[in-house]
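**Student:** Would you mind keeping the following structure in view while I ask a few things?
Only the coordinates and a few stated rules stand behind these numbers; no lab work does. Quick caveat: nothing in here was measured; it's all calculated off a predicted structure. A quick note on method: Cβ atoms are made from the backbone with ideal geometry, for glycine too, and the neighbour counts reach across all protein chains shown.
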Amino acid sequence: MKNRFYCVLIMLIALFSCKKEEIRIKLATTTSTENSGLLHFLLPHFEKETNIKVDVIAVGTGKALKLGENGDVDVVLVHARSLEDTFVEKGFGVNRKDVMFNDFVLVGEDKGYFKAVKDISECFTLISTNQLDFISRGDNSGTHVKELEIWNKTGIKPQGTWYKEIGQGMEQALTMADAISGITLTDRGTYLAMKNNVKISILFQGDENLNNPYGVIAVNPEKWPSTQYKESMKFINWLTSKKGQTLISEYKVNGEQLFFPSNVTK
């Protein structure tokens with residue numbers, strides 16, 4: 001009887017001492033949320049509150065959505081509304097919600113070309129006319145999609161040695177623009193995060209066509225049953241809650257706010 005008691009006791013101790021299996025979700029997101037440092041700030045708060053670990057895969061928006069299409073991730077956080085809508089319409093994603101926004105800015109070495117311009121389309125026309133070195137991400141990211149929208153609006157098809165498609169992320173595009181005294185389109189957050197490491201400055205900003213909204217979408221569990229849908233919705237609801245939105249508004253680099261929450265009243 002005594003031996004039986006000790007056996008049960010040992011089993012109970014072993015049971016309660018076993019480490020609880022860690023719940024993890026995979027988040028495909030843009031290089032801007034990673035490079036800006038925003039996720040490094042936000043995720044520890046979410047993980048502490050929910051005990052859900054978030055594994056981040058930072059790529060361009062197009063690649064992030066492709067990971068979602070293939071069921072390789074559980075949730076996506078991106079910034080190209082046209083691509084996001086297509087992703088949902090085709091049944092790859094569900095429960096899209098607005099999260100935050102910032103804007104795009106044109107950066108480069110100031111040579112006086114853009115002092116009197118009124119909109120971003122005029123800037124792009126001047127770049128083409130004067131064949132100023134322009135660095136395009138060329139990676140189907142949200143920034144690249146926005147850039148192509150602007151070129152399309154001008155009616156110009158960029159080509160020639162001045163137009164350099166690099167197929168890389170925002171940090172690489174900014175670094176190259178800085179190295180060759182060129183110009184690039186960037187999200188404000190990544191530029192501010194790198195501002196102290198580059199000499200290029202903001203050449204044009206403020207056009208409403210440069211607005212940059214971000215959305216979060218759960219990968220459709222009906223299409224990919226293996227995804228962590230319940231945990232992904234916890235992340236989405238937390239990110240769009242008053243707590244998550246407030247934290248987004250509090251994140252700053254060198255005293256400057258990088259992202260603005262879509263709804264702080266939730």
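**Student:** Once fully extended, how much extra length lies between SER249 and ILE156, figured as 0.36 nm per residue of separation less the alpha-carbon to alpha-carbon distance?
**Tutor:** 29.8 nm
**Student:** While we're on this one: Taking neighbour counts of Cβ atoms within 10 Å as a proxy for exposure, in what order, fewest first, do ASP207, ASP139 appear? Can you show the working numbers first?
**Tutor:** On the way: ASP207 19, ASP139 22.
Ranked by crowding around the Cβ, least crowded first: ASP207, ASP139.
**Student:** What ranking do 163-173, 74-84 get when scored by the average of other Cβ atoms within 10 Å per residue, highest first?
**Tutor:** Answer by packing, highest mean first, reads 74-84, 163-173.
**Student:** Placing +1 at every Lys and Arg Cβ and -1 at every Asp and Glu Cβ, with all other atoms neutral, what dipole size does region 103-210 have around its Cα centre, in debye to the nearest 20?
**Tutor:** Details: 11 positive and 15 negative charges, 36 e Å.
Charge dipole of region 103-210: 180 debye, to the nearest 20.
**Student:** Which order results if LYS63, LYS230 are arranged by neighbouring Cβ count within 10 Å, fewest first?
**Tutor:** With the fewest neighbours first, LYS63, LYS230 line up as LYS230, LYS63.
**Student:** Let me ask you something else. Could you give P(r) for region 124-224, binned at 5 Å from zero, as whole percent values over all Cα-Cα pairs?
**Tutor:** 2, 11, 21, 24, 20, 10, 5, 4, 3, 1, 0
**Student:** Can I ask one more? Starting from the Cα of LYS164, draw a straight line to each of the aspartates and glutamates and keep only those under 15 Å, dropping any in the same chain fewer than 8 residues away.
**Tutor:** ASP133, ASP139, GLU147, ASP178
**Student:** Output the 0 to 90 degree angle, nearest 10, between the alpha-carbon long axis of helix 170-179 and the longest principal axis computed from the alpha carbons of the chain.
**Tutor:** Compared with the principal axis, the helix lies near 40 degrees.
**Student:** Semi-axes of the chain's equivalent ellipsoid from the Cα gyration tensor, sqrt of 5 times each eigenvalue, largest first, rounded to whole Å? Display every interim value, and only then the final one.
**Tutor:** Numbers: eigenvalues 375, 73, 53 Å².
Semi-axes, largest first: 43, 19, 16 Å.
**Student:** Before anything else, pin down the relative contact order of region 103-210: Cα pairs under 8 Å, at least 6 apart, normalised by residue count, whole percent.
**Tutor:** Values: 170 pairs, mean separation 51.5, N = 108.
Relative contact order, region 103-210: 48 percent.
**Student:** Mind checking the full-extension length gain between ASN263 and ASN51? Use 0.36 nm per residue of separation minus the Cα-Cα distance, one decimal, nm.
**Tutor:** Numbers: separation 212, 0.36 × 212 = 76.32 nm, distance 2.49 nm.
Going from the current span to full extension adds 73.8 nm.
**Student:** Now, a different point. Over the chain, what is the relative contact order in whole percent, taking alpha-carbon pairs under 8 Å and six or more residues apart?
**Tutor:** 27
**Student:** Sticking with this structure for a sec: What order do you get for THR29, THR154, THR240 when you list them from fewest to most C-beta neighbours inside 10 Å?
**Tutor:** THR154, THR240, THR29
**Student:** For n ≥ 4 DSSP H runs only, could you compute -39500 (n - 2.57) per run for the chain, divide by its residues and tell me the 222 nm figure to the nearest 500?
**Tutor:** Dividing the helical sum by the residues of the chain leaves -12500 deg cm²/dmol.
**Student:** Okay, next question. To the nearest 20 debye, what is the magnitude of the charge dipole of the chain about its Cα centre, counting +1 on the Cβ of each Lys and Arg and -1 on the Cβ of each Asp and Glu?
**Tutor:** Taking the Cα centre of the chain as origin, the dipole is about 1060 debye.
**Student:** Between GLN131, THR30, THR227, whose Cα lies farthest towards the positive end of the dipole of the chain when Lys and Arg beta carbons carry +1 and Asp and Glu beta carbons carry -1, centred on the Cα centre?
**Tutor:** THR227
**Student:** Calculate, in nm to one decimal, what ASP98 and GLU122 gain on full extension: separation in residues at 0.36 nm each, minus their alpha carbon distance.
**Tutor:** 5.7 nm
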